[in-house]
Amino acid sequence: MFEWLDDRVPAAEAKSQRITGIEFVCDLRSAAPEADVESCEERLQRFLPDSYRTFLSLHDGAFIGVETALAGMTSTSGFLIFGARETAERTVTLADDLAPFGLPPSALAGLIVLADYGNSDVCLFDARRQRAESTRCWTASMKPSVRGASW
């Protein structure tokens, strides 16, 4: 009854992509070496969330987003999940990055940077509440939005 669908859906998707100029991007890196994961935890003196450790065992970071082509120009935006080394580096430098906003370093104690949403938005894991796997997300205006945690 729907045999025609198999032929028309891919054609419609291709036509839509040509018209809109949008391409979805999912770039998954290969697995992180266990030594890198352990080095990250050692440098941060914190355990990484179990779900993030599992992710790193499969992919040492990822980019998920869209690429838009319009009027001969290409723009890419999306969500970057850090690999083990990037997580360690971004977490260590977070206090310096936020110093101009008057945030005391003690406010960041126990937080681990896991991802970058772009435009200075980052996803922070609260290692002090590891069982709850809570995350805090900072926006460019530096107002925290809370997911599963309270300030």
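Quick one: which residues, 5+ away or cross-chain, put their amide H under 5 Å from the amide H of residue 31? H built at 1.01 Å from N.
Close amide H contacts, sequence-distant or interchain: 60.
How far apart, in nm, are the 7 Å Cα→Cβ label points at residue 47 and residue 99?
Simple spin-label model gives 3.3 nm for this pair.
Leaving ligands, DNA and RNA out of it, report the carbon-plus-sulfur percent of the accessible area of the stretch 17-112 at a 1.4 Å probe.
Carbon and sulfur atoms account for 58 percent of the accessible area of the stretch 17-112.
The values are calculated or read from the model by the stated rules, or taken from the named source; none is laboratory data. None of the values given here were measured: they were computed from a predicted structure. A quick note on method: Cβ atoms are made from the backbone with ideal geometry, for glycine too, and the neighbour counts reach across all protein chains shown. In case anyone asks, the SASA skips ligands and DNA or RNA and just uses the protein heavy atoms, side chains included. Shrake-Rupley method; radii C 1.70, N 1.55, O 1.52, S 1.80 Å.
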